[in-house]
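These notes are about the structure you will find just below.
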Amino acid sequence: MAGLTLNDVERPVRLAIVDDDALVRAGLRILVGGSPDIEVVAEAGDGDEALRVAEAHWPDVMLMDVRMPRVDGLAATRRIRERANAPQVIVLTTFDADEYVLEALRGGASGFLLKDTPPLEILAAVRTVAAGKAILSPTAIRRLIDHVADPATGTRRARAQGRLAALTERETEVAVLVGRGYSNAEIATELGMSLPTAKGHVSRLLTKLDLNNRVQIALLVHDAELL
């Protein structure tokens, strides 16, 4: 998953806010205004406008609401993340929208935040995602999965198992540990390898499976019922 490069360290994180509620957008803009390392470069009121914003303003991160008119945040996230040099996406949601969150994560979002998340945590999440890391742990994913009944479980299981079949035995072991919420250091200890080797395996998994982050590895392993 791409993040800011070394040449970008000194510049603020470029943030776009996507929400159909103008008051929410205004509140987020005010929140970010007190952080010199984050700059709001654009706003959008729906997913269709978000697509144009992503092309015109090249944000590093987009805060994306789920329920919006015309094109919702789920479809917008999937379409934005399919593009080259796409910005990272953090989905904004309420707990009632969990089923949408899972699809957004599968579509390439780097994580999600509840709309009542404390302001400092929102800012920290933006910085974390801009650095190329996901903000949703596999443990949190499993809590969501347990909460949501997925009617397409059988189809998803077969598709996930087919994708994972291309992995080596060692790669599968690493993928399962990622799905269990293990850090790179914990994977290294569990499998008796060095930390750089563990990191290399995770990076190869992302490339081989054409995924954006560890969150998607965890979802794929869950879908394949390997946990």
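Throughout, read-outs are computed from the coordinates displayed, never taken from laboratory work. In this text the structure is predicted, and so the values were computed from the model without any measurement. Glycine gets a Cβ as well: all are built from the backbone with ideal geometry, and neighbour counts include every protein chain shown.
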query = What number comes out for the charge environment of Val202, summing +1 per Lys or Arg and -1 per Asp or Glu over other residues with Cβ under 10 Å away?
reply = +2
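Longest span of the chain, sites excluded, free of trypsin sites (Lys or Arg not before Pro) in DSSP loop with at most 13 other C-beta atoms within 10 Å?
The reported range is 84-227.
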task = Compute the Rg to Rh ratio over segment 156-195 from the alpha carbon atoms, using the Kirkwood formula for Rh, and round to two decimal places.
result = 1.05
ask   = If you add up the charges near Arg170, with Lys and Arg at +1 and Asp and Glu at -1, over every other residue whose beta carbon is less than 13 angstrom from its beta carbon, what do you get?
value = -2
note = In degrees, nearest 10, the alpha-carbon axis of helix 47-57 is tilted away from the dominant principal axis of the alpha carbons of the chain by 80 degrees
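Full extension from Thr155 to Thr94: what is 0.36 nm times the residue separation minus their Cα-Cα distance, to one decimal in nm? List each step's numbers first, then the result.
Numbers: separation 61, 0.36 × 61 = 21.96 nm, distance 2.72 nm.
19.2 nm is the gain from fully extending Thr155 to Thr94.
Helix-only estimate, please: 222 nm mean residue ellipticity of the chain, summing -39500 (n - 2.57) across DSSP H runs of length 4 or more and dividing by its residues, to the nearest 500.
Values: 11 runs with 118 residues, N = 227.
About -15500 deg cm²/dmol.
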task = Report, for the chain, the % of DSSP beta bridges that are antiparallel, rounded to 5.
result = 0 percent
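Would you mind calculating the gained length between Ala22 and Glu39 on full extension (0.36 nm times residue separation, minus the Cα-Cα distance), in nm to one decimal? The partial results should precede the final answer.
Values: separation 17, 0.36 × 17 = 6.12 nm, distance 1.80 nm.
Separation in residues times 0.36 nm, less the Cα-Cα distance, equals 4.3 nm.
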query = Between Ala131 and Arg52, 0.36 nm times their residue separation minus their Cα-Cα distance comes to what?
reply = 26.1 nm
Residue with peak Gaussian network fluctuation, the chain [Cα springs, cutoff 10 Å], from Ala166, Ala125, Ala76 = Ala166
query = Under 17 Å Cα-Cα from Lys133, which lysines qualify once same-chain neighbours fewer than 8 residues away are excluded?
reply = Lys199
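With a sphere of radius 11 Å drawn around the Cβ of Arg25, what net charge do the other residues whose Cβ falls strictly inside it have (Lys, Arg +1; Asp, Glu -1)?
Working: positive: Arg29; negative: Asp19, Asp20, Asp21, Glu43, Asp65.
Combined, the nearby Lys, Arg, Asp and Glu give -4.
Averaged over all directions, how much area does the convex hull of the C-alpha atoms of the chain cover when projected, in nm²? Please report the intermediate quantities before stating the final value.
On the way: hull surface 49.9 nm².
Mean projected area for the chain: 12.5 nm², to one decimal.
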key: In degrees, nearest ten, helix 22-33 long axis to first principal axis of the chain (Cα)   = 80 degrees
